[in-house]
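> Starting off with a structure, shown below.
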Amino acid sequence: MINISIKQALTGWFLLLLTLSSMLLWYSTRLQLQSLFIEKSGETLAFETSRAVNLLRRQIEEPLPYLNIIRNNWSVEQFVQLNSPNSDQELHHSIQQTVTQLFQDYVRHIETITQVRLLGVENQTDLISVAREGENIYLYPTDSRIDHTPTETSDFQTVLALFEQQQADCGCSTIHTLSVVSDDNSAGTNLVQQLMVPVYDKQQLVAIVVAQHNLGAALEQLADTLPWPEASITLFREGGETIFHVGQEPTLPLAQTLAREGQPQQQIVLHDDSIGALHHFSIGPSHSGHPMSLYIEVGHRQLFPAQYNDKLRYATGISLLVFIGGIVLALIAATTLCHPIQLLKRTMSHYNNESFDERALEKPFFIKEIELLRAAFLQLHRKIKQEFTQRTTLEKRLQQQVAERTSALEQRHTELLQEIEKHHQTQNQLQLVREVMQNSRQAVVITDKENTIIEVNQAYITLTGFSREQVIGAKPSIGKSEQQSDEFYQQMWQQLNRDNHWEGEIWDRRANGEIYPKYLYIDRLLNQEGEVVNYVAMFEDLTHQKSTERELEYLTHYDQLTGLTNRTLFRHRLEHEFEVSRRHNCSTALVLVNLDRFRQVNENFGYLIGDKVLKSVAKQLEQIVRKTDLIARDNNAKGRKADTVARFSGDEFSIILSELKQPENAAIVARRMVASITKPMEIDGFSLHLSASLGIATYPDNATTHAGLLLCAEQAMGRAKAEGGNTIQFYSEAMNINSSRRFFLETALHQAIEKREFVLYYQPKVDLISLRIIGMEALIRWQKEDGSIVSPQEFIPLAEESGLILPIGEWVLQQACEDAYQLAKQFDYPFGMAVNLSPRQFRDADILALVERALQQSDLPAERLELEITETAIMSDTNYTITMMQQLVERGISLSIDDFGTGYSSLAYLKKFPVNTLKIDRTFVADLEQNNNDAAIVSAICSMAHQLDLKLVAEGIETPAQRDFLRQSQCHYGQGYLFSRPLPLASLQKRLNETDSAAAFR
């Protein structure tokens, strides 16, 4: 048995199939080429056949027009008429020559015409006969009989019968006949067409013109025009009868059958070695013509050119190449087809070894059967692998379960030990809880779900006075005090059932019947099913706490020294009185009492005496105010204190006077207060005399709020203090307006400092003897953004009180020094600059540094700067004044006392002050002419200044008389409108430029 591999078997089968395929390819290609060329050749042959038919029809029909011309020629008709013995022979002969020449020209013109005859009907003879023999044309004797003519229709009667039948059928005047006759020249047959046309004389047939047309020669000429030299041409008569053919013998049976059928007009006839084209047509008139078929047949060798052989050889070469390529592809295909099998075989051979790799078979095979085998093998392998994996997994799971079970048992053992330990801990904790509960300072009560007491601690027994035996098995209501309503307990239980917790303050009863407050906590304990298990209540006694709260309330709302209400409680009572006044349509007055100079009492007699004075005043005020109904101080108070007296601060008291029918009635009580306070007071052996300032404001006339009414009363009290004390002042709207203006003015003053809205005006200081300007005084002006001017008398006191005078004064000093330096430099004169220092500025610790800094930054010499200080500022602390003045003088600065004579100046101190100048106040200068006292004061001041070697400056000089009086009193310098109003720097510079300063004010 021969063993071959699958690769060899596949290769052999592939080669066999390839050989058969190549042969079939070559043969089918040959047939396709042949069919293609036959189709194209058939189209060409059909075209040539159609063209040959057209040429043949044209050759057949070409003689007819000329033949009709001959017939219609006058000479033919006249020649027939003269053909008689009695006719003019000479004329007859002449016309005969004409007709003969006409026939000869016709034969010469148409080469295929072999004979033309003129037959007379009457004598049935050839009148004229012209024939062609080769290249020669002969004239036959005219007396020859028609019977002797070599034509198939030589019988004149037959010709005449055909002619008459044709005329009867279609009215045609031409007869066509085809005959196959013997050809004497070629010893063969020839195809002759005989044409006959009648000649009429007065609508009577007198002669017939007969022409013989050699169609055989025409067909031979037609064969020469075809592109195939060996082609055969066959002419069939109707019915498939062969008339004539040219060339090689054709294959006739199929052609004759098709010619017999006559449809369609043109057909292609295929033979084994040749192709024929059959075309049907007719000769002559459409109704009497002769149906015929022209058949042209050409052999394949003539039809298929050399291109056909080239393509056949090309197809043969392609087939060989395909065969060779197929061999290569067969080898490749066999190798490719065998590769999966060999791979599968090789892989399966290692299946039981460790070298088996499943990945080698991951890619699918393109051969379905091998792919199925691969898939089946892989499926089997994976199933085995899966079962093996499952088995391995099962073993691991079993091992894991065994391990888990062992671990669970060990864990359970550990948990049991832990539970035992927890149980011991719980017992200890329960014991601890019991001990904590028993030792807790809060009372603890535990009941069951039916709210029956099952446990209490020692604190409960101590706080309530009930014994353990009395409460165990009882309800918690055993200590109910009946202080709370049933509705209270219903709400408590609703909240407890909803939130499982309630807490709040409640009144209860001890075993001895005493009612006491306690703060109670109740918790409802549930099990896992949500069912009530126990109630736990804890409470603490609030008796001590309540007492403490009352003490705190007293401390919060009452003054400890006097026992009067304090500011907090006073505010609540005042707001309550507002409600009373609205309901009763009456007024409420607020009186503020401030003891005058009470500070001196503390300083001179000590704080103990001061406290006793305050207590005494408090009692006096309480005794003076009348009693009415007012709000109780706590929930237990049954009565209400009406007119309330309160202590606000150290020496300030406030009184509410309620239900006043008229606001002025408050003055009655106020006068009683003043009279009582001013009486001598005996305290520890000291007789004290006091006074008080009272401010009164009423609701709703002055204010409708607590804060507003208090503010009004404070403003009224401030006005009373400002008037010297020991007086009563009612609040007025003017006070409020002035206070509001001062507040807004202070706010604007802050902004003015930031925006630099201040400007300096300068009032010249004039020598009263020479009237020269020797200096000027710097005066500040506040010019707002809208252009309005704020008076210095309005904002300077406010700036002094608020402390803003310090930054303002610093700017004034710095700017005045810089302007003085510029004026001296511009006019080359050492002008002096006077700058006012306010009391607060003068007492400021940085005043020396401020002055030095201003001089240093402006480069102004110190001797040109004069600081003006008021009498009030220098007399407040004489020691400080003397020290500060000496330090300023040591730095070369001049000092002046401003507004001299208006304050509390002392001549004893005046001689100690290192001042250089005294300024006479304008109030003394203004009335010099009318008031002798003012004149005497001015004279005394001038005299005193000269004695103390001090310079004098008079302010407010407005008339020449005032100037002259001061000059006579030896006053050195003067200022006032007589000389110049205060001017800004630019205007002052302009004034100094325009006038001579020495004579400017004469």
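The values are calculated or read from the model by the stated rules, or taken from the named source; none is laboratory data. None of the values given here were measured: they were computed from a predicted structure. Using ideal geometry, Cβ is built from the backbone for each residue, glycine included, and neighbour counts are taken over all protein chains shown. Just so you know, the surface numbers come from the protein's heavy atoms only, side chains and all, with ligands and any DNA or RNA stripped out. Shrake-Rupley method; radii C 1.70, N 1.55, O 1.52, S 1.80 Å.
> Using 0.36 nm per residue of separation minus the Cα-Cα distance, give me the extension gain between ARG843 and THR959 in nm, one decimal.
Length difference between fully extended and current span is 38.1 nm.
> With every protein chain left in place, what is the accessible area per residue of the stretch 440-548 in square angstrom, probe 1.4 Å?
For the stretch 440-548, the solvent-accessible area averages 57 Å² per residue.
> Okay, next question. Could you rank the peptides 946-953, 711-718, 747-754 by their average count of other C-beta atoms within 10 Å per residue, with the highest value first?
Taking the mean over residues of other Cβ atoms within 10 Å, the ranking is 711-718, 946-953, 747-754.
> To continue, here is another question. Express the accessible area of the stretch 741-996 per residue in Å², computed with a 1.4 Å probe while the remaining protein chains stay in the model.
48
> Determine how large the accessible area of VAL601 is when every protein chain is in place; take a 1.4 Å probe and give Å² rounded to the nearest 10.
Accessible area, nearest 10 Å²: 10 Å².
> Could you state the accessible area per residue of the stretch 557-731 in Å², with a 1.4 Å probe and every protein chain left in place?
Heavy-atom SASA per residue in the stretch 557-731 reads 48 Å².
> Where in the stretch 528-552 does the label zone of LEU496 land, with the point 7 angstrom along Cα→C-beta and an amide N cut-off under 18 Å?
531-541
> Here's another thing I want to ask about it. Could you work out how far apart the two model spin labels at GLU723 and THR19 are, taking each label as a point 7 Å from the Cα in the direction of the beta carbon, and quote it in nm?
Simple spin-label model gives 15.4 nm for this pair.
> Oh, and also: How far apart, in nm, are two points set 7 Å out from the Cα along the Cα-to-Cβ line at ILE384 and at GLU746?
A separation of 10.8 nm, rounded to one decimal place.
> Could you sort LEU910, LEU205 by accessible area so the largest value comes first, with the probe set to 1.4 Å?
Descending order: LEU205, LEU910.
> Using a Förster radius of 56 Å, what is the FRET efficiency between VAL580 and VAL536 based on their Cβ-Cβ separation? Nearest 0.05, please.
For R0 = 56 Å, the calculated efficiency reads 0.70.
> Taking 8 Å as the Cα distance limit and 6 or more residues as the minimum spacing, I'd like the relative contact order of the stretch 781-892 as a percentage.
Over the stretch 781-892, the number comes to 24 percent.
> Rank-order 408-418, 965-975 by packing density, defined as the average count of other C-beta atoms within 10 Å over each peptide's residues, highest first.
Peptide ranking by packing, descending: 965-975, 408-418.
> Pairs LYS721/LYS765; LYS755/LYS951; LYS422/LYS480; LYS679/LYS721; LYS661/LYS721: which are spaced more than 30 Å apart, C-alpha to C-alpha?
LYS721/LYS765; LYS755/LYS951; LYS422/LYS480
> Something else: How many nm separate the modelled label positions at ARG434 and GLN947, each set 7 Å beyond the Cα in the direction of the Cβ?
The modelled label-to-label distance comes out at 10.9 nm.
> Rounded to whole Å and sorted largest first, list the principal axis extents of the Cα atoms in the stretch 756-812.
42, 25, 18
> Follow-up. Run the 1.4 Å probe and let me know the accessible area of THR462, rounded to the nearest 10 Å².
For THR462, solvent-accessible area is about 100 Å².
> GLN400 to LEU373: FRET efficiency via 1/(1 + (r/R0)^6), r the Cβ-Cβ distance, R0 35 Å, to the nearest 0.05?
0.35
> Ranked by accessible surface with a 1.4 Å probe, highest first, in what order do GLU505, GLU723 come?
In descending accessible area the options line up as GLU723, GLU505.
> Here's something else I'd like to know. Expressed in nm to one decimal, what extension gain is obtained for the pair ASP88 and THR878 from 0.36 nm per residue of sequence separation less their Cα-Cα distance?
Gain in length upon complete extension: 264.3 nm.
> So if I take the alpha carbon set of the stretch 769-868, get Rg, then get Rh from the Kirkwood formula, what is the Rg over Rh ratio?
Rounded to two decimals, Rg over Rh is 1.00.
> When the accessible area of the stretch 440-548 is split by element with a 1.4 Å probe, what percent falls to carbon and sulfur?
Summing carbon and sulfur atoms, their accessible area is 47 percent of the total for the stretch 440-548.
> What list of ³J(HN,Hα) couplings, whole Hz, do you get for the stretch 717-727 from phi and the Karplus terms 6.51, -1.76, 1.60, once you set θ to phi - 60° and write x for glycine and proline?
5, x, 5, 5, 5, 5, 8, x, x, 6, 8
> OK, next. Applying 1/(1 + (r/R0)^6) with R0 = 60 Å to the Cβ-Cβ distance of PHE488 and ARG671, what FRET efficiency is obtained, to the nearest 0.05?
0.65
> Starting at the first residue of the stretch 984-994, write each ³J(HN,Hα) from the Karplus equation 6.51 cos²θ - 1.76 cosθ + 1.60 with θ = phi - 60°, in whole Hz, x for Gly and Pro.
x, 4, 5, 5, 4, 4, 5, 4, 5, 6, 7
> Provide THR114, THR44, THR464 ordered by accessible surface of protein heavy atoms (probe 1.4 Å), highest first.
Sorted by accessible area, descending: THR44, THR114, THR464.
> How much length is gained if the chain between ILE515 and THR543 is pulled fully straight, taking 0.36 nm per residue apart and subtracting their Cα-Cα distance, in nm to one decimal?
9.1 nm is the gain from fully extending ILE515 to THR543.
> Could you run the Karplus curve 6.51 cos²θ - 1.76 cosθ + 1.60 with θ = phi - 60° over the stretch 806-811 and give me ³J(HN,Hα) per residue in whole Hz, x for Gly and Pro?
3J(HN,Hα) across the stretch 806-811, in whole Hz: 5, x, 5, x, 4, 5.
> Where the Cα atoms of the stretch 741-996 are projected onto their three principal axes, how long is each span, largest first, in whole Å?
Between the extreme Cα coordinates on each principal axis of the stretch 741-996 lie 48, 47, 39 Å.
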